[in-house]
Every structure is written in C-alpha cells, then in structure tokens.
Amino acid sequence: MKSIVVFCGSSDGNDPDILEAGYHLGRTLAERNITLVYGAAKIGVMGKVAQGALDANGTVIGVIPDFLKVKEVFHSGLTELIITENMHQRKLKMHELSDGVITLPGGYGTLEELFEMTTWGQLGLHQKPMGILNTNGFYDSLLEMLQKMVDQDFLKQDNLEMLLTAASVEDLLSKMDAYQPLPIPKWIQSDQV
Ligand code: AMP
C-alpha cells in the first residue's frame, strides 16, 4: 500500500487513548512511507492523525469541500490540499487517491464514509483492504451488529470478512498487507435472484 485513506471523528471524543492511537497511526504511516489521505480537518481525531504524519515528515493529502473549510477548520500545513465542490466529490477523490482504508472512532460522518467503501467493495467496485482500528473496543457493538446481519442472512460472511479489525495499528497494517480479496459473488441473499 502506497497510500491509505483514514476516516475518523472530527470531534475529540473523551477517550485520550483514541487521540493517541490517531497520532500513532499518522506517525506509523509516515515512517512506512505511506501517504495519508484524509478529510483535511485540523480538529478532532482527524487532526491528530494528520499531525502524527506531519511530525514524522510524512506526505499528507487533505480533501475538503469548500463549504467545510471554515467549519471543520482545515489544516493549512498539509503537503497538498484538494478542494472539492461537494461531499460526494470529496469521498470519490479520497477513494481515487488511496489503496487502503482505515477507520478510527468517530460519529455519523465516519460511519457513512466507511460503509460507502464497504458497499462499493461488496459490489466489486474496488478490492482494497479495509480496516477498523478498534481502540479500547470502541467498535465492539458495531461488529456485533454486523454479525447479527450475517446471522439473519442480510450480509454474507465473506463480505463481513472484507472488514479487517485489530486493536493496534501494527496488527491492523499487517492484516491489511496480507489481505487477499475473494472473488465477488452476488451480495443479495434471496431465492428470487
Ligand atoms: P464525524 O465522524 O461525524 O465527526 O465526521 C467525520 C468526517 O466525515 C468529517 O470530515 C465529515 O465532514 C465527514 N463526513 C460527514 N458526512 C459525510 C459524507 N456524507 N461524505 C463524506 N464525508 C462526510
């Protein structure tokens, strides 16, 4: 992987380990010469990831729609800042620039970005490794929900397994490096198709 897009909160949250994990992820990507692609904010977990990468002299590309530049306090010290017209273009641009996806704790925006990538993966539109950094079990209940979708035949086990999870940055990057995409079958589970 030469570049990874990171989705995470524009808020700080209240678990300092999560901010620390974000900073450590940024540093680690830089140390491995992996370009960080992200939503360009200077605030929240997003800001920590970027700062970690910049402090280790990494390459950081921020992508932000014009109307969010002030609201999300864009980072003016990035290697490159790409301004898009809207949220859809932002997501597409981040996708085009990256060959892996990592999600850290966040809110609605983070989940929206992650699940757009998993649904595109499920449709066979990309085969990138997608990882969740599950710091302090933040995503345990979401992973339980996804397992329930499998148990109730709304989601295929193979498609659940497209989503890699680990508690540490190092383990997650190892899993992503080793990831072998499976052939994409139909994702709909119904007798009528
Ligand atoms: P949040 O997890 O809600 O703090 O949001 C994290 C990031 O996701 C922020 O940069 C939001 O602007 C971004 N975001 C929110 N909704 C969307 C969306 N529909 N498409 C792309 N990015 C989004």
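Tabulated results
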| read-out | value |
| --- | --- |
| Restricting region 100-193 to trypsin sites (Lys or Arg not before Pro) in coil, as DSSP defines it, with at most 13 other Cβ within 10 Å | LYS186 |
| Qualifying GluC sites (Glu not before Pro) in region 1-97, DSSP loop, other Cβ atoms within 10 Å at most 12 | GLU85 |
| Sulfur and carbon atoms: percent of accessible area, the chain [1.4 Å] | 51 percent |
| The chain - accessible surface per residue (Å², probe 1.4 Å) | 51 Å² |
| Cα gyration tensor shape for the chain, rounded if a/c is under 1.5, else prolate or oblate | prolate |
| For LEU164, distant residues with modelled amide H under 5 Å away | MET130, GLY131, ILE132 |
| Positive-pole candidate from LEU125, GLN189, ILE18, dipole of the chain, charges at beta carbon | LEU125 |
| Spatial extent of region 94-193: Rg and Dmax, with the Cα atoms as the point set, Å | 13.5, 43 |
| Integer Hz, Karplus 6.51/-1.76/1.60 couplings in order for region 38-55, x for Gly and Pro | 7, x, 6, 6, 9, 10, x, 4, 4, x, 5, 4, 4, 5, x, 5, 5, 5 |
| Placed amide H near THR35: partners under 5 Å, 5+ positions off or other chain | SER3, ILE4 |
| Total formal charge among the other residues, if their Cβ is under 12 angstrom from that of VAL45, Lys/Arg +1 and Asp/Glu -1 | -2 |
| PHE74 long-range amide H proximity, modeled H, under 5 Å | LYS42 |
| Expected-Rg normalisation [2.2 N^0.38 Å, Cα atoms] applied to region 17-111 | 0.98 |
| Cβ charges +1 (Lys, Arg) and -1 (Asp, Glu), total dipole of region 66-193, debye | 240 debye |
| DSSP-defined antiparallel bridges as percent of all bridges, the chain, nearest 5 | 5 percent |
| Rounded Å value of the spacing that divides the Cα centres of region 20-49 and region 103-168 | 20 Å |
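The values are calculated or read from the model by the stated rules, or taken from the named source; none is laboratory data. Just so it is clear, the model here is predicted, and its values are computed rather than measured. In this analysis, Cβ positions are derived from the backbone assuming ideal geometry, glycine residues included, and neighbour counts consider all displayed protein chains. These area figures cover heavy atoms from the full protein model, side chains too; ligands, DNA and RNA do not enter into them. Shrake-Rupley method; radii C 1.70, N 1.55, O 1.52, S 1.80 Å.
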